Amino acid sequence: ATPHTYGNSPGNGRGNGMRQQRHGKWPPTSSTPPGYGSSSSTSSSSRFGDQQLSRSGSSSSGRRGFSWPGYMDRQQLQQAMKRGQVFRAKFRVNAANRTEAFCSLEGLPSDMTIRGDVNHNRAVEGDEVAVLAFKLSDWFTVYKERDRLQEQGMLPEGDADPISLADKLSQMALAAADDAGVTVAQSPWHMAGSPAEALEKLGEILRARPDMRATGKVVSIIEPSSCREAIVGVLLPPATAMNATAAPAGCQPTPAATAAAAALASGAYAGHLMLVPLDPRLPKSLLTPDVVAGLPENLRWGSEWLNVVAGCGILLK
């Protein structure tokens, strides 16, 4: 996570035991599907969520050792959406845990979960995004729900269980060195041919296994949220803001948080200020020295750090 976030993403201390079990493990946040590539991005003198901003392509966070995944280009996105491999949805953030977001897809009995800043890929509350569903082996189980279904004898068995069937077909494909077969087994909706058929297939799997939750990641921002137009928050020095929201004791920082701490220690944030939003669903915003220089004196170095409204002309363009 960036300096503004933390949580029980892969490798963290909280909930690790559960999520390392089969179908309970969070998917890697740094993987990019083959063929989805990255394109170049234009840099900005300000950062939103402590990253260089770009409407498309990959992005550098300005911190050593961390870059945001690239977005699909327009042609890739159109093709993937027509085939039902990528879906359009509204991005909603969990206010109690900003590293967790959800997307509702028509016809699905439960929301798709988007976990971790890398999988969020610079999306913010209210954005219309394109989301890619992870393969079945990267979905996770709500274990209380699974135990309840087991007690009631309602869990499917054998080939009637879509997860067990996917595992079985994957093993057969692996034995035959058939990589395409593994993909089809683990992501059967990719063969649907249309968005409606793909959603129907996803819905069938989730209805057969109501204890499962689909996971995915953002591969493009289609329509920016109105939340980007103005952010109400408090200006603080980066060290103060980062210390105030550091990961709790026992939780391992994410790679991005580690990179941010290293950048802070190296002096890379000298002359910067950080805008801490009052809305917990929004990321912190890093103001670079040239932006800070344009702020009123009392906001830059005053003894009291005042609440401010930062327009998109400062932070997002």
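Details
- Just the protein heavy atoms count here, and of the accessible area of the range 176-285 at 1.4 Å, carbon and sulfur take up 59 percent.
- For the set Lys168/Lys217; Lys82/Lys144; Lys90/Lys168, the pairs lying more than 28 angstrom apart at their alpha carbons are Lys82/Lys144; Lys90/Lys168.
- Building the convex hull from the alpha-carbon atoms of the range 163-213 and averaging its projection over directions returns 3.5 nm².
- The Cα trace of the range 65-159 gives Rg and Dmax of 16.0, 49 Å, the first to one decimal, the second as a whole number.
- Rounded to whole numbers, the Karplus 3J(HN,Hα) couplings from phi for the range 186-202 are 8, 9, x, 5, 5, 9, 5, x, 8, x, 4, 5, 5, 5, 4, 5, 4 Hz, using 6.51 cos²θ - 1.76 cosθ + 1.60 with θ = phi - 60°, and x at Gly and Pro.
- Gyration tensor verdict on the range 89-243 (Cα atoms; rounded if a/c is under 1.5, prolate if a/b is larger than b/c, oblate otherwise): prolate
The values are calculated or read from the model by the stated rules, or taken from the named source; none is laboratory data. None of the values given here were measured: they were computed from a predicted structure. For accessibility, only protein heavy atoms count, side chains too; no ligands or nucleic acids. Shrake-Rupley method; radii C 1.70, N 1.55, O 1.52, S 1.80 Å.
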